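Novice: The structure under discussion is supplied below as structure tokens; questions concerning it will follow.
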Amino acid sequence: MADKVLMKGNEAIAEAAILAGCRHYFGYPITPQTEIAAYMAKRMPKIGGTFLQAESEIAAINMVYGASAAGKRVMTSSSSPGISLKGEGISYLAGSDLPAVIVNAQRGGPGLGGIQPSQSDYFQATRGGGHGDYHMIVLTPDSVQEMAELTIKAFDLADKYRMPVMLLADGTIGQMMEPVCFDLAIDPAPEKPWATTGTEGKRAHNVINSLYLNPAELEQTNIERYARYDEIAKNEARYEEYLMDDAEIAVTAFGIAARVTKNAVNEARKEGIKVGLIRPITVWPFPKAPYEKAAEHCKQIISVELNMGQMIEDVRLACNCKIPVSLCSRVGGMIPTPNQVLDAIRAAAKGGK
Amino acid sequence: MVVFDKPKALLDVPLHYCPGCTHGIIHRLVAEVIDELGIEGRTIGIAPVGCAVMAYDYFACDMIEAAHGRAPAVATGVKRSDPEHNVVFTYQGDGDLASIGTAEIVHAAARNENITVIFINNAIYGMTGGQMAPTSLVGQVTQTSPYGRDPKLCGYPVKICEMLAELEGPEYLERVTVNSVPNVRKAKKAIKKAFQNQLDGKGFSLVEVISACPTNWGMTPQKALEWIDSDMIPYYPLGVYKDRSANSEVAK
């Protein structure tokens, strides 16, 4: 059996990135993701990699842009206010079809907000975050083990589809320690004939660019990108269903909210309430299938979130508003207790919302 | 015998620059240097936002178009991805480098990032139609300083070479211009040195080129070249602002 090590979620991300072949990390300090930078600062020089503390989040994401253009597996990490600053660069990555992995250890907002965990960047992450028509693939780990697994997956997906991928974590999963196994399958990075690595006099120059002054040409790039997004929606939506087979009530949550919710579901089952959990593992693409199915046999869906109700919009769309969807949430860095979720489940079981 | 030819590092495409603009000369100088050093195959250029935004279509080496002001950060990413192999230059205007991109250029210089920066200072935003730049002179009339740049309202023009020279980091900083044949020759020498420094692993080298924008200055090309002498150079004196290797050789 493979060895397990006890690690913080943020450190697991860093180690998994290195395993995935990431040798370039650019970041800027912000709580609560600093362990990633600290880990990279220690490890990268020992393995011939680059750790660079940039002058800002803006510079860091543009360093990512440069290293990605040069064909490298590259990563940055930040937390909510810093991710806003990276928005410009993420839009350019998307517009130039460059792969990169971006970690957001979310904290409460808006503005400077707080440093406690949150999921209030859901809209920002799933709708792109910067200007223009684009998406990132957004992965939402709910354990330290998944932090590692999804980090590796993030590099694969970024290279496969040539686009930025976000690991949408939060302060809790980043900070908590759990056993993690790194005996994971790694796909090597594919060949990148488009990369700007120097022509060596053997080919025409490669250009990495997102500027198209001809509107018809720009339109075409958008249409082609969205055709790729359709493929991703078909192939890459991931989710976990827990006790959903006979469920009359569905609770849905991702990340740390899903961990809390699972406890509440177990408690409710002890009380004889037929309740299950739908946990999206990608929130873009949003997994529609489990909600369509739930709409056939559940009377209500409860969306548990660490925000004022963001994912709930996607849940309503996914089940075509066939059944009521209610919100159970805490915000500002507060986390719902299993009892709060349990109360919401009990209320739903009684027929009220 | 060929007495004049297009440098190989420039593609044979029409440039979009206005008549009398000196970007064309500076592109040519950069391309000649790339040819002479034989580095086209391992050079990656970073284009800015501004008049030179489409430089990626003009240079024959691999090119990347950066967000406004971020070219030094992008260059850092490219350089660090393969420091022994990649020769990386940015080509940036004054709005790009001296306004929105000040943080990026200052910290690239402070890190002594081993890149070459070609900084075009023509005291105006050309691409957007002639707005006041961080380097516009006091009293200069532009679209957004219609009564002349008033230092009480918008401060004084930024002197990049002088400012960066205060840093311990950078290897080489020189200001040149291209308004006469002798000055073009000096500019080329500086640009070549800025690339050679990178090949020698010496670090951050920036050449500021005082450049003409007759269209947005509202002058004839000839008058614009004269205005560089009469108005620009008194405020932006030409010369070497830092040359660490030369100085340390003197100190020996």
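The values are calculated or read from the model by the stated rules, or taken from the named source; none is laboratory data. All values derive from a computational prediction rather than experimental measurement. Cβ coordinates were reconstructed from backbone atoms using ideal geometry, including for glycine residues, and neighbour counts include every protein chain displayed.
Novice: Being touching an Asp or Glu at 6+ places or on another chain (Cβ under 9 Å), of a type in the set (Phe, Trp, Tyr) and either within 30 Å of residue A:57 (Cβ to Cβ) or surrounded by fewer than 24 Cβ atoms within 10 Å (Cβ to Cβ) (or both) narrows it down to one of B:17, B:56, so name that one. Walk me through it before giving the result.
Specialist: Values: B:17 fails: touching an Asp or Glu at 6+ places or on another chain (Cβ under 9 Å).
Step by step, each of B:17, B:56 is checked, and only B:56 is touching an Asp or Glu at 6+ places or on another chain (Cβ under 9 Å), of a type in the set (Phe, Trp, Tyr) and either within 30 Å of residue A:57 (Cβ to Cβ) or surrounded by fewer than 24 Cβ atoms within 10 Å (Cβ to Cβ) (or both).
A quick yes/no check of all residues on (1) surrounded by 21 or more Cβ atoms within 10 Å (Cβ to Cβ); (2) touching a Cys at 6+ places or on another chain (Cβ under 9 Å):
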| residue | (1), (2) |
| --- | --- |
| B:1 | no, no |
| B:7 | no, no |
| B:41 | no, yes |
| B:44 | yes, yes |
| B:51 | yes, yes |
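Novice: Of the conditions (1) surrounded by fewer than 23 Cβ atoms within 10 Å (Cβ to Cβ); (2) farther than 24 Å from residue A:134 by Cβ; (3) within 14 Å of chain B (Cβ to nearest Cβ), residue A:40 fails just one. Which one is it?
Specialist: (1)
Novice: If I filter segment A:46-65 down to residues being more than 22 Å from the chain's Cα centre (by Cα) and assigned to a helix (DSSP H, G or I), which single residue comes out as nearest to residue A:198 (Cα to Cα)?
Specialist: A:47
Novice: Of the residues that sit in segment B:123-167 and are in contact (Cβ under 8 Å) with a residue 60 or more places away in the chain and assigned to a helix (DSSP H, G or I), which one is surrounded by the most Cβ atoms within 10 Å (Cβ to Cβ)?
Specialist: Filtering segment B:123-167 for residues that are in contact (Cβ under 8 Å) with a residue 60 or more places away in the chain and assigned to a helix (DSSP H, G or I), the one surrounded by the most Cβ atoms within 10 Å (Cβ to Cβ) comes out as B:160.
Novice: Restricting to segment B:237-251, what's the tally of residues that are modelled with pLDDT of 80 or more and either charged (D, E, K, R) or part of a strand (DSSP E or B) (or both)?
Specialist: Summing the residues that are modelled with pLDDT of 80 or more and either charged (D, E, K, R) or part of a strand (DSSP E or B) (or both) in segment B:237-251 gives 6.
Novice: Please enumerate the residues belonging to segment A:310-339 that are farther than 27 Å from residue A:284 by Cβ and either not in a loop (DSSP other than H, G, I, E, B) or not assigned by TED's automatic domain parsing to the domain that holds residue A:293 (or both). Write out each step before concluding.
Specialist: Taking segment A:310-339 and keeping what is farther than 27 Å from residue A:284 by Cβ, we get A:337-339.
Of everything in segment A:310-339, those that are farther than 27 Å from residue A:284 by Cβ and either not in a loop (DSSP other than H, G, I, E, B) or not assigned by TED's automatic domain parsing to the domain that holds residue A:293 (or both) turn out to be A:338, A:339.
Novice: Another question about this same structure. Any idea which residue in segment A:173-196 is farthest from residue A:121 (Cα to Cα), counting only those that are outside any loop (DSSP other than H, G, I, E, B) and of a type in the set (A, V, I, L, M, F, W, C)?
Specialist: My answer is A:181.
Novice: Return a yes/no flag: does segment A:187-204 have any residue that is polar (S, T, N, Q) and either more than 14 Å from every other protein chain (Cβ to nearest Cβ) or more than 23 Å from residue A:91 (Cβ to Cβ) (or both).
Specialist: yes
Novice: I would also like to ask the following. If I go through segment B:80-106 residue by residue, how many of them are among the charged types (D, E, K, R), within 8 Å of chain A (Cβ to nearest Cβ) and either out of contact with any helix residue (DSSP H, G or I) (no Cβ under 6 Å at 6 or more places or on another chain) or surrounded by fewer than 24 Cβ atoms within 10 Å (Cβ to Cβ) (or both)?
Specialist: Qualifying residue count for the region: 2.
Novice: Regarding segment B:185-203, can at least one residue be identified that is more than 15 Å from the chain's Cα centre (by Cα), of a type in the set (Gly, Ala, Ser), under 23 Å from residue B:37 (Cα atoms) and modelled with pLDDT under 95?
Specialist: No, the conditions are met nowhere in segment B:185-203.
Novice: So, one more: Can you name the residue in segment A:63-99 that is more than 25 Å from residue B:62 (Cβ to Cβ) and among the aliphatic types (A, V, I, L, M) and is also nearest to the other protein chains (Cβ to nearest Cβ) among such residues?
Specialist: Taking segment A:63-99 first, the residues more than 25 Å from residue B:62 (Cβ to Cβ) are A:77-85, A:87.
When the remaining residues are screened for being among the aliphatic types (A, V, I, L, M), the result is A:83, A:85.
Details: A:83: 16, A:85: 11 Å.
Checking each candidate, the answer is A:85.
Novice: Looking at (1) over 16 Å from residue B:211 (Cα atoms); (2) within 14 Å of chain A (Cβ to nearest Cβ), which is the one condition that is false for residue B:127?
Specialist: (1)
Novice: Just to check your reading of the model, which residue among A:2, A:38 is farther than 18 Å from residue A:153 by Cα and either touching a residue at least 60 places away in the same chain (Cβ under 8 Å) or of a type in the set (Phe, Trp, Tyr) (or both)?
Specialist: Result of the check over A:2, A:38: A:2.
Novice: Return only the number of the condition from (1) more than 14 Å from every other protein chain (Cβ to nearest Cβ); (2) touching a residue at least 60 places away in the same chain (Cβ under 8 Å); (3) among the small types (Gly, Ala, Ser) that residue A:227 does not satisfy.
Specialist: Single failed check for residue A:227: (2).
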